[in-house]
Every structure is written in C-alpha cells, then in structure tokens.
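Enquirer: Below is the structure I would like to discuss, written out as structure tokens.
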Amino acid sequence: MLTPYYAFARKSFLSKSAYRFEHYMGIFNTVLKIFIFWEIYKALYGGRTEVDGVTMSMVTTNFVLSLCLDAVFTMNDFYLPNRIRNGSIATELLLPISFKGRMLADNMGQAAFKLIFHFIPALIVSVLIVGIKAPASFPMLVMFVVSALLGYGVLWSISFAVQMCAFWLINVWSIVTIKNVFINVLSGSMFPLWFMPEWMEGVLAFTPFSSIYFTPVQIYLGELGFAQIAQKCLIQIVWIVLIYLIGNIMWERGKRKLVVQGG
C-alpha cells in the first residue's frame, strides 16, 4: 500500500514548509547562481550571439533549467548514514514497511516542496530578467517533463548506491563530495556538454551524468528527434535500473554485517 509512503512524503513536505527563512534563501541561492552564470557567459561570449554553433540563448536556457532542476533534485545523501550512526536503523528495519521506500518518499516530499516553492519562483524571475528560449513545441515540453522525472530517478539511484557505502565506512562525506563533483561537472549543468570535445561528449552521452540534466534540456530545445528522445529515455531507464540493482546488492549485504552498539 502507498498510504504510509504518502504520509512520509507529506511529512517531509510539511517539515520543509516550517522553515520560511530557509525557503526564501533557497530561492535567493538559485537566482543568485543563475545571475552569476549569466554574467560569466556574457563575458565569455564577449558580445557575440553564437560560438561554435551554440547561441547565448541556448547556454542561458541550459543553465537556468539545470540550476532550477538542481534546486528540485536535492538529495538527502545522509538519510541512511545518519541512522546507522545513531543506531535508529535497527528499530526502523523492524517496521512493516520498506526502508528504501521511506528513503524515496522522504526525498520526493522534499522535491515536491522545492518544485512548487523554489523551482517555479526562480524560473519566473529568471524568465523575466535573464530570459530563456521557449520550448521547441508542446510535445517537446511534455517529453522534457518525462525526461526530467527520469533524470530525478537517475540521481536518486546514484544517491541510494552512495549511501549504501555507510555500512562499510564510518563517514561517507568524502564519497558524497566526489559524487557531487562528478555530477556538477559532467551533467552539463555547470559546463554545457556542447563545449566538451566531440569524443568526450559522445562518451558522456552514455553515462548516467548527462542523463540527469543535459538530456532534458536537449529535449526542451528541440535538439533531438522522437527516435533520439526514445533512445535517450531508454538510456535513463537502463541507468536507473542498473544503479538501483547495484545499490540493492550493497543493501542486502550491508544488512547482514550491520552491528549497532549503544542504546
């Protein structure tokens, strides 16, 4: 039944709404990053409208959408590690619901809150002041939403697998940091993959990183035909399943070696 997971997601949503200052700072943080990126790329373009076939409006649309999605896709990478550290994992594993389902519900509650109160306000401000390209067509806008949801699934699966390392490590902070660096650099959010060497762009197209942000942006801009969109979405689904299975193997092995001290 989905009822308990809905309750956990709702609780996560409401807990975020309790901290209004954090909410406003989240919007400010996203908008500030957008303006910083805008000024950087304006300087790099030096008044030109196009560089190597990539227009300034394409770059602007890429980092605005990527940063807004990044605000929604925030992962609680320490959900499991914190519970292993304080010993509460032992009690939670006895509950008649899936702990992995709870992890997902908690993140989805946060994502729903940030979609409404971070993504939409930041996107409106960015559209009014910075300006972005309109979606290529309504079908492309729909497929953008579908691909963005799959991108969220890819990122959550990566976070899930990284958290499983907590069964073997005292502190997963370093691994989480490395994971975030790879995602920031290779997902196309900070540096559009159009500017990567052609061979590297081809390699990154088949990694989970470009599936998170860059694939949805490509669809939004109409750079891909429907056959290519189907291929890209299939790649996203494959990565979700593959990374989740790896994380699930780690989960099953980690539970068998789990030792909780104290009380």
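Enquirer: Name the residue from ILE235, ILE27, TYR79 whose Cα lies farthest towards the positive end of the charge dipole of the chain, charges +1 on Cβ of Lys and Arg and -1 on Cβ of Asp and Glu.
Expert: TYR79
Enquirer: Enumerate the whole-percent occupancy of each 10 Å bin, from 0 to the last occupied one, for all C-alpha pair distances of the stretch 67-113.
Expert: 25, 46, 24, 5
Enquirer: Quick one: length gained pulling PHE206 to GLU22 fully straight, 0.36 nm per residue minus the C-alpha distance?
Expert: Additional length available on full extension: 62.6 nm.
Enquirer: Continuing with this model, one more query. Counting Lys +1, Arg +1, Asp -1, Glu -1, what net charge surrounds PHE117 among other residues with beta carbon under 14 Å of its beta carbon?
Expert: +2
Enquirer: Given the options PHE209, PHE8, LEU221, identify the residue whose Cα lies farthest towards the positive end of the charge dipole of the chain (+1 on Cβ of Lys, Arg; -1 on Cβ of Asp, Glu).
Expert: Towards the positive end, the residue furthest out is PHE8.
Enquirer: Can you return the lysines within cross-link range of LYS16? Criterion is Cα-Cα under 16 Å, with same-chain partners fewer than 8 residues away left out.
Expert: Candidates past the 8-residue exclusion: LYS114.
Enquirer: For LYS11 paired with LEU115, estimate the spin-label separation in nm (one decimal), with each label point 7 Å from Cα along the Cα-to-Cβ line.
Expert: 2.2 nm
Enquirer: Stretched out fully, how many nm does the piece from LEU245 to PHE99 gain, at 0.36 nm a residue minus the Cα gap?
Expert: Answer, rounded to one decimal: 51.0 nm.
Enquirer: Compute the longest continuous run of the chain that contains no exposed chymotrypsin sites (Phe, Trp or Tyr not before Pro); treat a site as exposed when its DSSP state is not H, G, I, E or B and it has at most 13 other Cβ atoms within 10 Å.
Expert: Answer from the scan: 20-167.
Enquirer: Using a probe radius of 1.4 Å on heavy atoms only, what accessible surface per residue do you get for the chain? Whole Å² is fine.
Expert: About 52 Å² of surface per residue is accessible.
Enquirer: Calculate one ³J(HN,Hα) per residue across the stretch 78-88 by plugging θ = phi - 60° into the Karplus curve 6.51 cos²θ - 1.76 cosθ + 1.60, and present them in order as whole Hz with x for glycine and proline.
Expert: 3J(HN,Hα) across the stretch 78-88, in whole Hz: 10, 4, 6, x, 5, 6, 5, 5, 8, x, 5.
Enquirer: Largest first, how would THR207, THR177, THR61, THR49 line up by accessible area (1.4 Å probe)?
Expert: Result, largest first: THR49, THR177, THR207, THR61.
Enquirer: If you line up the Cα atoms of the chain on their principal axes, what length do they span on each, largest first, in Å?
Expert: Largest first, the chain extends 64, 42, 35 Å along its Cα principal axes.
Enquirer: When the Karplus curve 6.51 cos²θ - 1.76 cosθ + 1.60 is applied with θ = phi - 60°, which whole-Hz ³J(HN,Hα) does each residue of the stretch 236-245 get, with x for Gly and Pro?
Expert: Values per residue, Gly and Pro as x: 4, 5, 4, 5, 4, 5, 5, 5, 5, 4 Hz.
Enquirer: Give me a comma-separated list of calculated 3J(HN,Hα) values for the stretch 222-227, in order, Karplus coefficients 6.51, -1.76, 1.60 applied at θ = phi - 60°, integers in Hz, x for any Gly or Pro.
Expert: Using θ = phi - 60°, the values come out as x, 7, 10, x, 5, 5 Hz.
Enquirer: Still on this structure, I have one more. Set the Förster distance to 35 Å, then compute FRET efficiency between LYS255 and ASN29 from the Cβ-Cβ distance, nearest 0.05.
Expert: 0.45
Enquirer: About its Cα centre, how strong a charge dipole does the chain have in debye, to the nearest 20, once Lys and Arg get +1 and Asp and Glu get -1 at the Cβ?
Expert: That gives a dipole near 940 debye.
Enquirer: What percentages, rounded to whole numbers, describe P(r) for the stretch 204-263 computed over all alpha carbon pairs with 5 Å bin width beginning at zero?
Expert: Distribution as computed: 4, 16, 20, 16, 10, 8, 8, 7, 5, 4, 2, 1 percent.
Enquirer: Assigning unit charges at the beta carbon (Lys, Arg +1; Asp, Glu -1) and nothing else, what dipole magnitude in debye, to the nearest 20, does the stretch 1-132 show about its Cα centre?
Expert: 440 debye
Enquirer: Take MET25, MET140 and sort them by solvent-accessible surface of the protein heavy atoms, 1.4 Å probe, largest at the top.
Expert: Listed by decreasing accessible area, they come as MET25, MET140.
Enquirer: Still on this structure, I have one more. Which whole-number percent of Cα pairs in the stretch 110-155 have a distance greater than 16 Å?
Expert: When all Cα pairs of the stretch 110-155 are counted, 54 percent exceed 16 Å.
Enquirer: On to the next question. Report the Rg/Rh value for the stretch 154-258, based on alpha-carbon coordinates and the Kirkwood definition of Rh.
Expert: My calculation of the ratio gives 1.05.
Enquirer: Right, another one. Full extension from ILE170 to ILE124: what is 0.36 nm times the residue separation minus their Cα-Cα distance, to one decimal in nm?
Expert: So the extension gain works out to 12.3 nm.
Enquirer: Further, regarding this structure: Which value, in debye to the nearest 20, describes the size of the charge dipole of the stretch 12-60 about its Cα centre when Lys and Arg Cβ atoms bear +1, Asp and Glu Cβ atoms bear -1, and nothing else is charged?
Expert: 200 debye
Enquirer: Give the carbon-plus-sulfur fraction of the accessible surface of the stretch 1-83 in %, rounded to a whole number; probe 1.4 Å, heavy atoms of protein chains only.
Expert: Here carbon and sulfur together make up 64 percent of the probe-accessible area.
Enquirer: A further question on this structure: Whole Å is fine, so just give me how far the alpha carbon centre of the stretch 190-238 lies from that of the stretch 1-21.
Expert: Comparing the Cα centres of the stretch 190-238 and the stretch 1-21, I get a distance of 32 Å.
Enquirer: Here's something else I'd like to know. With a 1.4 Å probe and every protein chain kept in, tell me what percent of the accessible surface of the stretch 144-192 is carbon plus sulfur.
Expert: 82 percent
Enquirer: Further question on the same structure: VAL54 accessible area, nearest 10 Å², 1.4 Å probe?
Expert: Probe radius 1.4 Å; accessible area of VAL54 about 10 Å².
Enquirer: Between TRP194, HIS118, THR61, whose Cα lies farthest towards the positive end of the dipole of the chain when Lys and Arg beta carbons carry +1 and Asp and Glu beta carbons carry -1, centred on the Cα centre?
Expert: Going by the Cα projections, it comes out as HIS118.
The values are calculated or read from the model by the stated rules, or taken from the named source; none is laboratory data. These figures come from a predicted structure and were not determined experimentally. All Cβ positions, glycine included, derive from the backbone under ideal geometry; neighbour counts span all protein chains shown. Accessible surface is based on the protein model in full, side chains and every heavy atom, while ligands, DNA and RNA are left aside. Shrake-Rupley method; radii C 1.70, N 1.55, O 1.52, S 1.80 Å.
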